[in-house]
Amino acid sequence: MNSQLKPEKSFSRLERDREELTILVERYAQSEGVWPTAWPALSFFRADEPGDRSCAMYEPCLGLLLQGNKHILLGEERFEQENGHYLISSIDVPVSAQVMRASRQQPCLCLTLRLDPVRIGEWLSEVKPPKRSTVTARGLALSPVSVEILDPLLRLIRLLETPVDLPLLAPLIERELIYRLLTGEQGARLAQIAMAGGQGQQVARAIQWLKQHYNKPLRISDLANMVNMSASSLHHHFREITAMSPLQYQKVLRLHEARRLLLTEGCDVATAAHRVGYESPSQFSREYSRHHGAPPLRDVNRLRAVRV
């Protein structure tokens, strides 16, 4: 009898916490866009209508969708994030994201909490994440949120209302949340990046080099030597985690940065192409069109029109 009542109690608490969390996030994110908070690792996002695909770099983070619907494209792999589902990014990955369902009455609302791999590593000496026979090495995954994860998130956001408590209590809540994530459905995925000497860490080092040198020529053999892997092993594990090869990853970084240069710095196409590492403006325009869905100038003019 008691065992039959537990799911009902858990469900009602989950719904109450989600409702309160949604109200709090909407209170802080009063208009469209990304809203930083007094806790640097925490930010909110709001969209009042469906939008076009936008480029983003997902750092290691927890992203919870509270309202609306989003599509996220990693390489050629698409993730559909529904409300009440959290996303775990265990490594830096360039993605395209698109809000599919939102309105002024029910805006798309998200919260993002950056995760510190060092703090994750601290827990690994004490906690063994559950082994999942079906887990893949992919650095991005979705799961339905649980009470165990929602509760510390709610307490963290409540702390924004008491700034004097925030610097003392927020680190403790973050530590608890990392424990819940490591012992939850995506624990094995999150742990792979923090394991010292593991392939996840080697791929993470390769990614850091690519982010810092995206506009430089890339030799896979040199990158593999730098992270103490063979070229074939780097290629295999890099693709497993990021859904793309190192060369594809570099190209996406270049095209994301080129879009930023065109949109925010007013560069012409040839200058943007050169600054991100392309020798041929025509090749740049072809690859830009394939990735962003339109030639550079048309794409940027469309984005500027949307922002007006």
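The values are calculated or read from the model by the stated rules, or taken from the named source; none is laboratory data. These figures come from a predicted structure and were not determined experimentally. Because the Cβ atoms are built from the backbone with ideal geometry, glycine has one as well, and the counts that use them run over all protein chains shown.
Annotations
- Number of residues in segment 22-37 that are under 18 Å from ALA170 (Cβ atoms) and within 20 Å of the chain's Cα centre (by Cα) equals 4.
- The set of residues in segment 163-221 being basic (Lys, Arg) and touching a Leu at 6+ places or on another chain (Cβ under 7 Å) consists of LYS211 alone.
- For ARG189: the one exception among (1) farther than 30 Å from SER146 by Cβ; (2) modelled with pLDDT under 90: (1)
- Considered as a group, the residues in segment 261-285 that are in contact (Cβ under 8 Å) with a residue 40 or more places away in the chain and over 11 Å from PRO296 (Cβ atoms) include one that is surrounded by the fewest Cβ atoms within 10 Å (Cβ to Cβ), and that residue is ARG275.
- For segment 43-92, the set of residues classified as touching a Lys or Arg at 6+ places or on another chain (Cβ under 8 Å), within 17 Å of ALA191 (Cα to Cα) and of a type in the set (A, V, I, L, M) consists of ILE88 only.
- Members of segment 152-187 found to be surrounded by 15 or more Cβ atoms within 10 Å (Cβ to Cβ) and assigned to a loop (DSSP other than H, G, I, E, B), listed by number: GLY184, GLU185, GLN186
- Which listed residue is over 30 Å from HIS274 (Cα atoms) and part of a helix (DSSP H, G or I), from GLN201, GLN208: GLN201
- Selection from segment 245-266 of residues that are under 15 Å from LYS216 (Cβ atoms) and in contact with a strand residue (DSSP E or B) (Cβ under 8 Å, 6 or more places away or on another chain): TYR249, LEU253
- Across segment 104-115, not a single residue is classified as within 24 Å of TYR28 (Cβ to Cβ), modelled with pLDDT of 95 or more, buried (at least 20 other Cβ atoms within 10 Å of the Cβ) and in contact with a Pro (Cβ under 6 Å, 6 or more places away or on another chain).
- Counting only strands (runs of 3 or more DSSP E) that sit wholly inside segment 81-151, those with at least 1 residues that are touching a residue at least 24 places away in the same chain (Cβ under 8 Å) and among the small types (Gly, Ala, Ser) are 85-89, 93-101, 140-144.
Yes or no, residue by residue, for (1) within 24 Å of THR22 (Cβ to Cβ); (2) among the aromatic types (Phe, Trp, Tyr); (3) touching a Pro at 6+ places or on another chain (Cβ under 7 Å):
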position	(1), (2), (3)
GLN67	yes, no, yes
LYS70	yes, no, no
ARG78	no, no, no
GLY84	yes, no, yes
LEU87	yes, no, no
ILE91	no, no, yes
ALA97	yes, no, no
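- Criterion (of a type outside the set (A, V, I, L, M, F, W, C) and exposed (fewer than 15 other Cβ atoms within 10 Å of the Cβ)) met by exactly one of PRO36, PRO50: PRO36
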